[in-house]
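In what follows, a single structure is set out as structure tokens and then discussed.
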Amino acid sequence: MPDSKSIKGVSIIGQLAGKVAVITGASSEKGIGSAIATRYAQEGASILLVAEGTVERLEQVQRECASLPGAGRIEYRVFDLAQRGAAERMIEEAARLFGRIDVLVNNAAIRAAYDFGDYTRDVFDKMIAVNLAAPFFASQAVLPIMRKQGGGRIINIASQMAKVTYSQRGLYGLTKAALVHLTKSIAYEVGHENIMVNSISPGPIRTQFTIDREAKDPGEWQRRVKSYVPIGRLGEPEEIADVAVFLASTKATFLQGEDICIDGGYTSH
């Protein structure tokens, strides 16, 4: 029977109760992956948290998620998604642990800031491997499982840089634009099988990365944010997580092959 939560004596079944989710890049402090994991756990999901070589943070996120009322079973595994075959092994492990996979969230990504002309082949290969090849092969690997169980959800975390450009973001934007195209391609092919595939493109989000940048010069940082984000602030990881819950829930039944840009208006000008 699905887990439930009680608010003022009223029993409320979580939107993801009984569902199993795999979330990559789930260990970054104040990160989008960990925020999605927290919201999924709040909604009753069982989760496999995945990240590269960050056992302590994975354990912390696992404890935080498992402590939430109504949370399902929370496990974690370390996979280096830059390595060939790692994405497929991750899916195999999730299926072994839980017996099914209802939601795959391809969130793990790396960024590298270089002027065009200064990228090395090693940097190029690693960014393509993590940001594009891993979601590609994880999605391929999960399809037979979702088909067998009658459906599922694939959610790719892209970026506003898939739509616009910025200094030293050429390669990062390229991987994210390709990820959006991959989202639409898979959705077109598998939609008739009750497998919903969509992407989220976050704009400037208050992750630990941006918090650290702001700390170096808070005044200048605030000026810059207000100059390119019309609503005048950074987004919060939880604002991305709320949309990821919607896409994983039974409420998103006719949304297919879409990229939802959550950027405070960044790409509106």
> When the chain is treated as a GNM, springs tying every alpha-carbon pair under 10 Å, which of Q15, Q42, Q83 comes out with the largest mean-square fluctuation?
Replying inline: Q83
> So what's region 22-91 giving for Rg/Rh, alpha carbon basis, Kirkwood Rh from the mean inverse pair distance?
Replying inline: 0.97
> Taking amide H positions as placed 1.01 Å from N in the peptide plane, with prolines and chain starts having none, which residues 5 or more places from G152, or on another chain, fall under 5 Å of its amide H?
Replying inline: I195, M196
> For region 47-172, what size does the Cα cloud have along each of its three principal axes, sorted from largest down, in whole Å?
Replying inline: 49, 32, 26
> Around I262, which amide H atoms from residues at least 5 apart in sequence, or from another chain, sit under 5 Å from its own amide H, with H modelled in the peptide plane?
Replying inline: S201, G203
>> Through the Karplus equation 6.51 cos²θ - 1.76 cosθ + 1.60, θ set to phi - 60°, convert the phi angles of region 57-68 into ³J(HN,Hα) values in whole Hz; use x for Gly and Pro.
In response: 5, 4, 4, 5, 5, 4, 4, 5, 5, 5, 7, 6
> So what are the radius of gyration and Dmax for the Cα set of region 21-63, in Å?
Replying inline: 9.1, 27
>> Tell me the Kirkwood radius of the chain: reciprocal of the mean inverse pair distance over distinct alpha-carbon atoms, in Å.
In response: 18.9
> With θ set to phi - 60° and the Karplus curve 6.51 cos²θ - 1.76 cosθ + 1.60, what are the ³J(HN,Hα) couplings of region 160-176 in order, to the nearest whole Hz, using x for Gly and Pro?
Replying inline: 4, 6, 6, 10, 10, 10, 7, 4, 6, 10, x, 6, 4, x, 4, 5, 6
> What do the square roots of 5 times the Cα gyration tensor eigenvalues come to for region 202-246, in whole Å, largest first, as semi-axes of the equivalent ellipsoid?
Replying inline: 22, 13, 6
>> Please rank K176, K216, fewest neighbouring Cβ atoms within 10 Å first, as an exposure proxy.
In response: K216, K176
> Among the DSSP beta bridges whose two residues both lie in the chain, what percent are antiparallel, rounded to the nearest 5?
Replying inline: 10
> Projected onto the charge dipole of region 57-153 (+1 at Lys/Arg Cβ, -1 at Asp/Glu Cβ, origin at the Cα centre), which of A82, G152, A108 gives the Cα projection farthest towards the positive end?
Replying inline: G152
> For region 183-228, what's the radius of gyration and Dmax over Cα atoms, in angstrom?
Replying inline: 18.2, 51
> How large is the charge dipole for region 28-164, taken about the Cα centre, if only the Cβ atoms of Lys, Arg (+1) and Asp, Glu (-1) carry charge, to the nearest 20 debye?
Replying inline: 480
> Counting Lys +1, Arg +1, Asp -1, Glu -1, what net charge surrounds G151 among other residues with beta carbon under 13 Å of its beta carbon?
Replying inline: +3
> With no solvent and one point on each alpha carbon, what is the Debye value of log10 I(q)/I(0) for region 172-269 at q = 0.23, 0.24 Å⁻¹?
Replying inline: -1.20, -1.24
> Going from the alpha-carbon gyration tensor of region 103-223, what semi-axes, largest first and in whole Å, does one get by taking the root of 5 times each eigenvalue?
Replying inline: 31, 17, 12
> Taking the Cα centre of region 130-261 as origin and charging only Cβ (+1 Lys, Arg; -1 Asp, Glu), how large is the dipole, in debye to the nearest 20?
Replying inline: 180
> Treating the beta-carbon of each Lys and Arg as +1 and of each Asp and Glu as -1, no other charges, what is the dipole magnitude of the chain about its Cα centre, to the nearest 20 debye?
Replying inline: 340
>> Quick check on the chain: helices-only [θ] at 222 nm, where DSSP H runs of length 4 and up contribute -39,500 (n - 2.57) each and the sum goes over total residues. Nearest 500, please.
In response: -13000 deg cm²/dmol
> How big is the gap, in Å, between the Cα center of region 124-187 and the Cα center of region 234-269?
Replying inline: 15
> How large is ³J(HN,Hα), in whole Hz, for each residue of region 90-104 in order, when computed from phi with the Karplus curve 6.51 cos²θ - 1.76 cosθ + 1.60 and θ = phi - 60°, using x for Gly and Pro?
Replying inline: 4, 5, 4, 5, 4, 5, 5, 6, 10, x, 6, 9, 9, 9, 10
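Just so you know, all these numbers are worked out from the coordinates, no wet-lab data involved. Just so it is clear, the structure is predicted and the values come from calculations on it, not from any experiment. For neighbour counting, all protein chains shown are included, and Cβ atoms are generated from backbone atoms with ideal geometry for every residue, glycine included.
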